[in-house]
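Novice: One structure follows; several queries about it will come next.
The values are calculated or read from the model by the stated rules, or taken from the named source; none is laboratory data. Just so it is clear, the model here is predicted, and its values are computed rather than measured. Neighbour counts run over all protein chains shown; Cβ positions are idealised from the backbone, glycine included.
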Amino acid sequence: MPRSAPDPPPDDKRLQRWARINYVGEVPDGSGRLYVPDLNGKLYLLRDGVPTTYLDVGGTFEPDFWATRGLGSGFGFVTFHPEFARNGKFYTTHTETGRALTEKPPHLPTQPGTVIHSVVTEWTAADPAAPTFRGTHREMLRIGFSGFTHAIQQIDFNPNARPGDEDYGLLYLAVGDGGRGVSSTDPQNLAVPQGKMLRIDPAGTDGASGQYGVPRVNPFHGRPGVLGEIFSYGYRDPHRFSWDTGGRQRLYLGHIGEHAIEAVYDVREGDNSGWSQREGAFVYKRSDRCYLWSLPADDAKNRFAYPVAAYDHDPPPSWQCRGDVGRAIAGGFVYRGSKVPELQGKYLFADLVDGRVFYTESGQMVRGAKRLAPLHQVSIFDSSGKRTSMPELAGDARVDLRFGTDSSGELYVLSKANGKIWRVTGVRPVDPAASAVTPSLEPDLVAHYDFAHPAADRARERDLGRSGTQLNLVNGGAAMRVPGAAYPRGGQALETRQVNPDRAGNDDWKAGVYDAGGTPTLGAFNGVRETTVMGWFRLGPDNPARNSGSADPDDRYGAVGLAGVLSGDSNGHAVRALLELIEVDGQLRVVALGRRLDGGASQTFAANADWRTLLPENEWVFLAATFDFDKGTMALYRNGQPVPGFYVVPGDPWQVKSAPGPHYTSPTNPRGFKIGGSYPQNTREGNACNCRYDDLMFLDRAASQAEIAAQYHLSVHG
């Protein structure tokens, strides 16, 4: 899609995307044209994958149009009337601020301290078949919000309704709580529109503005003191909804939570989903981020509609609870297309931030059931059949993923990160032997490098983990990828080496990433409780390397750099978690070295066995080091088996015994990774490694022995 940007430019990097596209659908006129809205203002039509501008919504409403603050601000959504081919009508929602706040009063009750309006507009095309819009528009509804988040998210028509049905031609609006649900009763207050799903009649005139109607079939129509527009209520951020066009034709809503719960609801008219008394099926308390409180015994009296599927977040370090890795749900669709029959009846959705895609069987999403529907994560393959991931396809750790469908029910996936749209063309069973990572480790894999996935700049390596941190291949560039992987199904390996042993300089081959301000994509190691560093290593001859900064030809470095995570204040050498060979009491040993606090003391766990026994020359070995910063423990593993060892520093260097836990590392982003030597910013040589590497993995938790053994056996045996 064409590149776009908010005007004026935003400070929030989450709004600095290639294009803020957020949906793809098909124009209901039989032309086969797809439509794509961009939050930055334009509506595009696609024919054979080629975009053209159909309408500049943002430009039409300048200078009030607003897309610069708030993830959903701008041209939020568009939907076409089911009779567009005949009547030329379609509907948009966008946000306004500035003079609009004083000159254009909202039609429904507004929130105190309103900073933004969501506006619903009807457009009528003079020629529905034309490639660009020419016609008229009228404002139907304006709602005010006190925050730049959680305004009107989606508007749409029920695709299952037919002429003569009571739902035919009625417009649904998913209206967020404006961010006030945590501090007000707005989502439960039936006298205000915020935190509700509304249903209006675009052809009516008895609504608050006189530009729409209130359907008599709505559940609260005619009730004194209640907005008749309300279809259901109790929402924080009702992000995306869709109807199953088969089965029982249910309405599903993907709802973004406050503390932790990302939920899917089967929405019925009159439903109360509970926010902000409930988040998902949990009692909501601002202070209870772990949701330790069970539902009250008399909860049934509330008649809350609880989710039919859900997942939760990976909590920040201040929490004393754990859960799934999650950020924000992107609601999707029950697949009812014909080209991928294996997906029939599956509700596909995703985490919009990290791009993981899930499904659950629509038949297992049952209201009132004692158990939520089981979730399944799907693997992603590109058009050549190679296994990949959405962060890799999007070229960014923050995918900003959305879904769409065409009139045949075929599924599309899109990303704001690079402005690309993909069509789902098939499925395949995952061959366990082809998987590179054991399933239990995959969600916690912050960074993963197999050295067979070069970036556009071939001197950089793509991250197959969730962080998207590209690795710099320092000095050797693309030549550092060499044939001869560690295991039979592998591709290439990374080679690091000392280039000129007899001359001081900065030409050694090594790899890493360094940012003096902290590497933002490595935020998973910010204030982390546990860490794992592991991968395949093969030491070549001449280790430890000659000290190129010394005139003494027999002077060798006191360490051999393997791989590690830098600390938040590192000069390129100081580490938070490291696998390395260093001298302990005058003898070189394989060690795990960790530092909990920036600038604080480190602890070393050293292997008892001779390093040449653990890492024989020119032999691939699978090494792992785990770090539990809460308990103050470390461990080493070789080919899946524990390596006996001892702690080098006496006392409590991590300062975990002097105060009650839990304990975490410093709340700073690591300055990067270092691999095959120190100082990845290439300002100095040190601890060079004449080595090869494969499948380097960095996790934000301590893997168990069983998981490390499973990863080793997966690599070797499949």
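Novice: Here are Arg684, Arg692: which of them is at pLDDT 95 or above and of a type in the set (Lys, Arg)?
Specialist: Exactly one of Arg684, Arg692 is at pLDDT 95 or above and of a type in the set (Lys, Arg), namely Arg692.
Novice: Test Arg236 against the criterion of being crowded, with 24+ Cβ neighbours inside 10 Å and closer than 27 Å to Val334 by Cα, and give yes or no.
Specialist: So Arg236 passes the test.
Novice: Could I ask something else about it? Is there a residue in the stretch 501-512 that is surrounded by 24 or more Cβ atoms within 10 Å (Cβ to Cβ), at positive phi and in contact with a strand residue (DSSP E or B) (Cβ under 8 Å, 6 or more places away or on another chain)?
Specialist: Checked against the condition, which is being surrounded by 24 or more Cβ atoms within 10 Å (Cβ to Cβ), at positive phi and in contact with a strand residue (DSSP E or B) (Cβ under 8 Å, 6 or more places away or on another chain), the stretch 501-512 yields at least one hit.
Novice: Are any residues in the stretch 548-568 modelled with pLDDT of 95 or more and among the polar types (S, T, N, Q), and if so, which ones?
Specialist: Ser567
Novice: Could you tell me which of the residues Thr53, Thr95 is assigned to a strand (DSSP E or B) and either surrounded by fewer than 23 Cβ atoms within 10 Å (Cβ to Cβ) or not assigned by TED's automatic domain parsing to the domain that holds Gly355 (or both)? Spell out the reasoning first.
Specialist: Working: Thr95 fails: either surrounded by fewer than 23 Cβ atoms within 10 Å (Cβ to Cβ) or not assigned by TED's automatic domain parsing to the domain that holds Gly355 (or both).
Residue meeting the stated conditions: Thr53.
Novice: Filter the stretch 98-108 down to the residues that are out of contact with any Asp or Glu (no Cβ under 6 Å at 6 or more places or on another chain) and in a loop (DSSP other than H, G, I, E, B), then identify the one that is surrounded by the fewest Cβ atoms within 10 Å (Cβ to Cβ).
Specialist: Going through the qualifying residues, I end up with Arg99.
Novice: When you go through (1) free of Cβ contacts under 8 Å to residues at least 40 places away in the same chain; (2) assigned to a loop (DSSP other than H, G, I, E, B); (3) closer than 16 Å to Leu108 by Cβ one by one for Pro163, which number turns out not to apply?
Specialist: Just one mismatch for Pro163, condition (3).
Novice: Has the stretch 643-666 got at least one residue that is under 27 Å from Thr469 (Cα atoms) and of a type in the set (S, T, N, Q)?
Specialist: Yes: one or more hits.
Novice: Taking the condition of being in contact with a Leu (Cβ under 7 Å, 6 or more places away or on another chain), without any contact (Cβ under 8 Å) to a residue 24 or more places away in the chain and under 21 Å from Arg387 (Cα atoms), how many residues in the stretch 448-484 meet it?
Specialist: Total satisfying the criteria: 1.
Novice: Out of the residues in the stretch 204-241 that are assigned to a loop (DSSP other than H, G, I, E, B) and polar (S, T, N, Q), state the one that is nearest to the chain's Cα centre (by Cα).
Specialist: Asn218
Novice: Considering only residues that are outside any loop (DSSP other than H, G, I, E, B), under 29 Å from the mean Cα position of the chain (by Cα) and over 17 Å from Gln211 (Cα atoms), which ones fall in the stretch 63-92?
Specialist: Phe65, Phe75, Gly76, Phe77, Val78, Thr79
Novice: I would also like to ask the following. Give the number of residues within the stretch 189-203 that are in contact with a helix residue (DSSP H, G or I) (Cβ under 9 Å, 6 or more places away or on another chain) and either assigned to a strand (DSSP E or B) or free of Cβ contacts under 8 Å to residues at least 40 places away in the same chain (or both).
Specialist: Number satisfying all stated conditions: 1.
Novice: Let me ask you something else. Identify, please: which residue in the stretch 5-17 is in contact (Cβ under 8 Å) with a residue 60 or more places away in the chain and crowded, with 17+ Cβ neighbours inside 10 Å and is, among those, farthest from Gly74 (Cα to Cα)?
Specialist: In this case the residue turns out to be Arg17.
Novice: If you don't mind, there's one more thing I want to ask. Give the stretch 481-510 a look and list any residue that's of a type in the set (Lys, Arg), under 17 Å from Ala436 (Cβ atoms) and assigned to a loop (DSSP other than H, G, I, E, B), or say none. I'd like the intermediate steps shown before the answer.
Specialist: So the first thing to find is which residues in the stretch 481-510 are of a type in the set (Lys, Arg), and the list is 481, 489, 497, 503, 510.
Okay, now just the ones that are also under 17 Å from Ala436 (Cβ atoms), so 481, 489.
Selection gives Arg489 alone.
Novice: Pull up the stretch 445-465, narrow it to residues that are touching a Pro at 6+ places or on another chain (Cβ under 9 Å) and among the basic types (Lys, Arg), then point me to the one that is surrounded by the fewest Cβ atoms within 10 Å (Cβ to Cβ).
Specialist: Arg460
Novice: Mind listing just one residue for me: the one in the stretch 63-85 that is in contact with an Asp or Glu (Cβ under 9 Å, 6 or more places away or on another chain) and of a type in the set (D, E, K, R) and, of those, nearest to Gly176 (Cα to Cα)?
Specialist: Only one residue fits best here, namely Arg69.
Novice: If you check Leu581, Leu494, which single one turns out to be at pLDDT 95 or above and in the same structural domain as Asp700 (by TED's automatic domain parsing)? Before the answer, list the steps.
Specialist: Numbers: Leu494 fails: in the same structural domain as Asp700 (by TED's automatic domain parsing).
Every option except Leu581 fails the conditions.
Novice: Here is a list of conditions, (1) in a strand (DSSP E or B); (2) free of Cβ contacts under 8 Å to residues at least 40 places away in the same chain; (3) surrounded by fewer than 24 Cβ atoms within 10 Å (Cβ to Cβ), and Leu581 meets all of them except one; can you say which number that is?
Specialist: (3)
Novice: Let me ask another. Going by the conditions given, is Tyr412 touching a residue at least 60 places away in the same chain (Cβ under 8 Å), touching a helix residue (DSSP H, G or I) at 6+ places or on another chain (Cβ under 6 Å), part of a strand (DSSP E or B) and not small (Gly, Ala, Ser)?
Specialist: Spelling it out, it is not the case that Tyr412 is touching a residue at least 60 places away in the same chain (Cβ under 8 Å), touching a helix residue (DSSP H, G or I) at 6+ places or on another chain (Cβ under 6 Å), part of a strand (DSSP E or B) and not small (Gly, Ala, Ser).
Novice: Among the residues that make up the stretch 643-663, is at least one of them more than 29 Å from Asn608 (Cβ to Cβ) and in contact with a strand residue (DSSP E or B) (Cβ under 7 Å, 6 or more places away or on another chain)?
Specialist: no
Novice: Can Arg142 be described as under 34 Å from the mean Cα position of the chain (by Cα), closer than 23 Å to Arg17 by Cα and among the charged types (D, E, K, R)?
Specialist: Against the criterion (under 34 Å from the mean Cα position of the chain (by Cα), closer than 23 Å to Arg17 by Cα and among the charged types (D, E, K, R)), Arg142 does not qualify.
Novice: Can you pull out the residues in the stretch 378-430 that are within 17 Å of Leu34 (Cβ to Cβ), within 15 Å of the chain's Cα centre (by Cα) and of a type in the set (S, T, N, Q)?
Specialist: Ser415
Novice: Answer yes if at least one residue in the stretch 600-611 is touching a residue at least 24 places away in the same chain (Cβ under 8 Å), among the hydrophobic types (A, V, I, L, M, F, W, C) and within 22 Å of Leu471 (Cβ to Cβ), and no otherwise.
Specialist: No, the stretch 600-611 has no match at all.
Novice: Next question, about the same structure. Quick check on my filter: what residues within the stretch 171-212 are of a type in the set (S, T, N, Q), surrounded by fewer than 19 Cβ atoms within 10 Å (Cβ to Cβ) and farther than 15 Å from Ile143 by Cα?
Specialist: Hits for the stretch 171-212 are Ser183, Thr185, Gln188, Asn189, Thr205.
Novice: If you don't mind, there's one more thing I want to ask. Specify which of the listed residues (Gly549, Gly527, Gly491, Gly535) is surrounded by fewer than 20 Cβ atoms within 10 Å (Cβ to Cβ), touching a residue at least 40 places away in the same chain (Cβ under 8 Å) and closer than 24 Å to Arg458 by Cβ.
Specialist: Gly491
Novice: Taking the stretch 242-258, which residues are out of contact with any Asp or Glu (no Cβ under 6 Å at 6 or more places or on another chain), surrounded by 20 or more Cβ atoms within 10 Å (Cβ to Cβ) and outside any strand (DSSP E or B)?
Specialist: Asp244
Novice: On the given criteria, is Pro2 modelled with pLDDT of 95 or more and surrounded by fewer than 23 Cβ atoms within 10 Å (Cβ to Cβ)?
Specialist: So Pro2 passes the test.
Novice: Among the residues of the stretch 27-34, is there at least one that is of a type in the set (Val, Ile, Thr), touching a residue at least 12 places away in the same chain (Cβ under 8 Å), part of a strand (DSSP E or B) and closer than 24 Å to Ser408 by Cβ?
Specialist: no
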